[in-house]
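The values are calculated or read from the model by the stated rules, or taken from the named source; none is laboratory data. Predicted model, so just to flag it, every value in this text is computed and none were measured. Cβ placement follows ideal geometry from the backbone for every residue including glycine, while neighbour counts extend to all protein chains displayed.
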Amino acid sequence: MIIRLFSGITLGCLCWFYSSTCQSLARESPVKSEQLLQTTGSWDGTRYTSYLRGQPQVTVLKITVPPHTALAWHQHPMINAGYVLSGKITLEKKDTGQRQTFRAGQALAECVNATHRGYTTDQPAELVVFYAGLPGMPLSIKNK
């Protein structure tokens, strides 16, 4: 009985010590996490309908677009998302003319299988773009 009581007290103290130590470390941690984007659809409001089947492959690109530059009309066969590091870029859909501008510090979810382009005005744009595709699949397909 005494051993059980002692074990219970010891276990209780250890749990309290562990819990308070972990809480203290969590409060002191310099690591911060900020959700930049969580979505079920692209920037134009189109919902993603399915995801690719097969061996996943993630590709991350850092893209720099000079000032006064329009990218070629293109589409992506996979879900991808970007984060604007600096500058601003406007995305435009070819079929509707719908546009939206994204600035440094903003995240965006790209269109899938919809012809669009990005363009800059008076300043360059620098983005990091994450593509979730399959091995051998092109990241983008140019359109006319």
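Would segment 102-109 turn up any residue that is of a type outside the set (S, T, N, Q), surrounded by 15 or more Cβ atoms within 10 Å (Cβ to Cβ) and over 16 Å from residue 36 (Cβ atoms)?
no
Right, residue 46: under 20 Å from residue 116 (Cβ atoms) and modelled with pLDDT of 95 or more or not?
Considered against the rule, which asks whether it is under 20 Å from residue 116 (Cβ atoms) and modelled with pLDDT of 95 or more, residue 46 comes out as no.
In this structure, is residue 91 within 21 Å of residue 34 (Cα to Cα) and either hydroxyl-bearing (Ser, Thr, Tyr) or surrounded by 14 or more Cβ atoms within 10 Å (Cβ to Cβ) (or both)?
Against the criterion (within 21 Å of residue 34 (Cα to Cα) and either hydroxyl-bearing (Ser, Thr, Tyr) or surrounded by 14 or more Cβ atoms within 10 Å (Cβ to Cβ) (or both)), residue 91 does not qualify.
Here is a list: 85, 52. Which entry is over 17 Å from the mean Cα position of the chain (by Cα) and either free of Cβ contacts under 8 Å to residues at least 24 places away in the same chain or surrounded by 14 or more Cβ atoms within 10 Å (Cβ to Cβ) (or both)?
On inspection, the qualifying residue turns out to be 52.
Any residue at all in segment 50-62 that's hydrophobic (A, V, I, L, M, F, W, C), modelled with pLDDT of 90 or more, assigned by TED's automatic domain parsing to the domain that holds residue 105 and outside any strand (DSSP E or B)?
No, segment 50-62 contains no residue that is hydrophobic (A, V, I, L, M, F, W, C), modelled with pLDDT of 90 or more, assigned by TED's automatic domain parsing to the domain that holds residue 105 and outside any strand (DSSP E or B).
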